[in-house]
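*Asks:* I am attaching a structure below and will ask some questions about it afterwards.
Since every read-out is calculated from the coordinates, none of them should be taken as a lab result. Fair warning: this is a prediction, and the values are worked out from it, not measured in the lab. Here the Cβ positions follow ideal geometry from the backbone for every residue, glycine too, while neighbour counts run over all protein chains shown.
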Ligand code: NDP
Ligand code: ZN
């Protein structure tokens with residue numbers, strides 16, 4: 001089969017691979033729609049997970065089941081399914097402990113384009129199909145469905161880890177697709193004021209659509225000062241970090257109130273340490289909690305998010321600004337994600353309706 005792959009750090013290209021094979025609990029899937037992630041860019045162009053050779057990229061897909069193993073009970077060839085970016089080993093102690101993202105090792109629930117070939121191939125392999133696939137309802141478009149697999153689950157996890165309460169004030173640092181979903185998740189959980197931090201007009205407009213009440217442009221000066229000015233020097237109850245560099249942790253700690261929560265879903269790609277400002281952290285005594293997590297995956301998570309879309313609690317269509325038709329456009333879509341033109345939020349490649 002053909003796949004679009006990371007050849008080595010900084011190099012991508014089309015390669016030929018053997019078709020994947022299903023074990024007794026697995027499925028083989030043909031993608032119907034795929035989307036590149038900012039994490040694919042970190043993987044290829046920043047060497048975020050180390051070097052990989054001829055590894056098919058991609059972890060955001062909806063598809064059609066083409067083959068299932070002998071023990072798979074709930075799915076059959078022809079089913080149209082949503083595939084989570086995170087496909088854990090459910091028979092692991094970490095999953096029993098409630099952290100399936102880290103099944104059999106830190107971050108090891110993330111398999112596609114990390115430990116095995118990803119979804120930018122003519123076919124791809126899904127471990128434990130009954131636990132890691134979810135049926136795609138007819139009401140949801142392919143473009144929206146592919147946004148569930150990673151962007152929605154990640155942004156919503158930001159809001160979950162932040163423990164948003166009814167009326168909480170929230171600052172969301174970064175309003176790309178992940179931050180936009182953090183805004184939508186915060187609103188659904190009952191946040192009051194939501195301050196979005198970003199600069200590109202297309203993202204600002206979408207942030208307001210998803211529920212931001214205020215926008216702070218980090219290009220206009222220190223975001224700590226801007227958020228403090230907006231809140232009469234009080235700061236916010238919760239911060240969700242979904243963009244920017246390592247300096248954003250110090251900013252988040254500075255603007256969150258004592259007793260508040262800083263929730264991170266951003267990838268921090270440089271330096272050996274992440275600095276926490278001593279005074280703003282109350283010299284260690286401010287009851288300011290810092291959380292960070294990989295997005296939840298698996299079937300139940302997908303089914304619950306699918307219902308939020310199916311029953312019109314969230315409209316994902318605003319996330320998709322560029323649509324391509326045809327597998328051959330995967331490369332173009334990936335490079336768009338690298339260059340982030342000003343009018344881009346997410347590209348989707350439709351392979352087959
Ligand atoms: P985008 O690049 O689309 O968005 C980043 C956002 O951060 C933009 O709004 C950008 O503003 C803003 N930003 C850039 N610099 C700063 C700054 N100095 N201060 C404040 N804001 C800034 O990324 P995505 O939304 O696609 O992804 C966000 C992150 O989430 C990535 O690091 C990605 O790897 C990670 N991720 C994590 C997952 C997880 O499971 N935890 C899963 C998926 C992704 P603008 O462009 O408007 O100027
Ligand atoms: Zn991703």
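*Asks:* On the first, second and third principal axes, largest extent first, how far apart are the outermost C-alpha atoms of the stretch 292-353 in Å?
*Replies:* Its Cα atoms span 34, 32, 21 Å along the three principal axes.
*Asks:* At 0.36 nm per residue, minus the direct Cα-Cα distance, what do residue 11 and residue 122 gain on full extension? Give it in nm, one decimal, please.
*Replies:* 37.9 nm
*Asks:* What percent of all Cα-Cα pairs in the stretch 232-283 falls in each 5 Å bin, counting up from 0?
*Replies:* 5, 22, 30, 25, 14, 4, 1
*Asks:* So if we plug the beta-carbon distance of residue 71 and residue 96 into 1/(1 + (r/R0)^6) with R0 = 25 Å, what FRET efficiency do we get, rounded to 0.05?
*Replies:* Values: r = 21 Å, r/R0 = 0.82.
Efficiency, from the Cβ-Cβ distance: 0.75.
*Asks:* A further question on this structure: If contacts are Cα pairs under 8 angstrom and at least 6 residues apart, what is the relative contact order of the chain in percent?
*Replies:* Values: 860 pairs, mean separation 64.8, N = 353.
The value is 18 percent.
*Asks:* Using label points projected 7 Å from each Cα along Cα→Cβ, tell me how many nm separate residue 209 and residue 268, to one decimal.
*Replies:* Computed distance between label sites residue 209 and residue 268 equals 3.2 nm.
*Asks:* What ranking do 55, 131, 291 get, fewest neighbouring Cβ atoms within 10 angstrom at the top?
*Replies:* Lowest count first: 291, 131, 55.
*Asks:* Let me make sure I get this right: for the stretch 86-139, a, b and c are the square roots of the gyration tensor eigenvalues over alpha carbons, sorted descending. Under 1.5 in a/c it's rounded, otherwise prolate if a/b > b/c, else oblate. Which is it?
*Replies:* Oblate, because a/c is 1.5 or more while a/b does not exceed b/c.
*Asks:* Continuing with this model, one more query. Connecting C-alpha atoms closer than 10 Å in a GNM of the chain, tell me which of 287, 102, 125 has the biggest fluctuation.
*Replies:* 287
*Asks:* Let me ask something else about it. In degrees between 0 and 90, to the nearest 10, how far off the longest principal axis of the chain does helix 299-310 point, with axes built from Cα atoms?
*Replies:* Roughly 70 degrees between the two axes.
*Asks:* Which value in nm describes the separation of the simple spin-label points at residue 285 and residue 303, placed 7 Å from the Cα toward the beta carbon?
*Replies:* 4.9
*Asks:* Per-residue ellipticity at 222 nm for the chain, helices alone: DSSP H runs ≥ 4 residues times -39500 (n - 2.57), over residue total, nearest 500 deg cm²/dmol?
*Replies:* Rounded to the nearest 500, it is -7000 deg cm²/dmol.
*Asks:* Could you check the simple spin-label distance between residue 247 and residue 222, using points 7 Å along Cα→Cβ, in nm with one decimal?
*Replies:* Label at residue 247, label at residue 222, 1.1 nm between them.
*Asks:* What is the stretch 194-260's relative contact order, in percent, from Cα pairs under 8 angstrom and six or more apart in sequence?
*Replies:* Working: 68 pairs, mean separation 17.8, N = 67.
For the stretch 194-260, the relative contact order is 27 percent.
*Asks:* Next question, about the same structure. When the chain is modelled as a GNM with alpha-carbon springs shorter than 10 Å, which of 220, 127, 114 fluctuates the most?
*Replies:* Greatest mean-square fluctuation among the candidates belongs to 220.
*Asks:* Consider a paramagnetic label point 7 Å from the Cα of residue 310 along Cα→Cβ; state which residues of the stretch 68-90 have an amide N under 17 Å from it.
*Replies:* What the label zone holds, given the 17 Å backbone N cut-off, is 74-76, 79-84.
*Asks:* Suppose a student asked you for the relative contact order of the stretch 1-151, using Cα pairs under 8 Å spaced at least 6 residues apart; what percent would you report?
*Replies:* Numbers: 363 pairs, mean separation 45.0, N = 151.
That works out to 30 percent.
*Asks:* If I fit a long axis through the Cα atoms of helix 201-210 and take the longest principal axis of the Cα atoms of the chain, what angle between them do I get, 0 to 90°, rounded to 10?
*Replies:* 90
*Asks:* Another question, if that's okay. Can you work out the PRE-style zone for residue 166? Point 7 Å along Cα to Cβ, and I want the residues of the stretch 188-232 with backbone N under 13 Å.
*Replies:* 189-192
*Asks:* Let me ask you something else. Can you classify the stretch 168-210 as rounded, prolate or oblate using the Cα gyration tensor, where a ≥ b ≥ c are the square roots of its eigenvalues, rounded means a/c under 1.5, and otherwise it's prolate if a/b beats b/c and oblate if not?
*Replies:* Working: a/c = 1.97, a/b = 1.71, b/c = 1.15.
Prolate.
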